[in-house]
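Right, one structure below, let's go through it.
The values are calculated or read from the model by the stated rules, or taken from the named source; none is laboratory data. On a predicted model such as this, the values are computed, not experimentally measured, just so you know. Backbone-built Cβ (ideal geometry, glycine too); neighbour counts: all protein chains shown. Protein only, heavy atoms only, side chains kept; ligands, DNA and RNA dropped before computing areas. Shrake-Rupley method; radii C 1.70, N 1.55, O 1.52, S 1.80 Å.
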Amino acid sequence: MVRNRIRWVIGAAVIATSMALTGVSVATGPTGSVVSEVLGAGSMSNGAGFAATPETNTVVAKFTFGPNSSTGWHTHPGKTLVTVKTGTFTVYHARDCAPSVYGPGDAFVELPSTVHVGRNETGGIVELGVVFFGVPIGGSPRIDQSQPAGCAIT
């Protein structure tokens, strides 16, 4: 029951944010020129709890990675929900340098202060929809980190 509630809350938050970004009103239909683009849709085998921290921003972003590209090592100030729209995205964490591979329809969560790098290790394009929670107002959803010792991935 808790798992279903968490999924419902996450889904409702993403839908509400998407609707707010596209100017769609819940009470009435759109007028004029309105274009809606799904940034990503995905599911997780395990749920994850989210809370909007007062006086912080929730940032919704679309990322497009070219062939053989990398985010560089970084962390986030709050929890981050990622959905893979297209392509294959590989994430390495500093703690073990082991790859986690995600494809279209997959979703995953990055916890605050978890040092990681995301990579497109293919010759194709990767598109992600990302929701960053707990971003300081005026701050960045990304905090650069040094290359971890013992992990040659860049």
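What to note about this one:
- In terms of packing, defined here as the mean over residues of other Cβ atoms within 10 angstrom, the peptides 76-85, 63-72, 96-105 line up highest first as 76-85, 63-72, 96-105.
- List Leu111, Leu128, ordered by accessible area with a 1.4 Å probe, largest first: Leu111, Leu128
- Taking θ as phi - 60° and the Karplus parameters 6.51, -1.76 and 1.60, the scalar couplings of region 61-73 work out to 9, 10, 10, 10, 10, x, x, 6, 10, 9, 6, x, 6 Hz in sequence order, x denoting glycine and proline.
- Once all protein chains are placed together, Ile153 keeps about 40 Å² accessible to a 1.4 angstrom probe.
- Most positive-pole-ward Cα, Thr83, Gly150, Pro136, against dipole of region 75-154 from beta carbon charges: Pro136
- For region 68-144, the fraction of 1.4 Å probe accessible surface lying on carbon and sulfur atoms is 56 percent.
- For Lys79, residues with placed amide H under 5 Å, excluding near neighbours: Phe133
- Signed unit charges on C-beta, dipole axis of region 56-154, positive-most listed residue Pro112, Asn68, Gly123: Pro112
- An oblate overall shape is assigned to region 51-154, the ratio a/c of its alpha-carbon gyration tensor axes (a ≥ b ≥ c) being 1.5 or greater and a/b not exceeding b/c.
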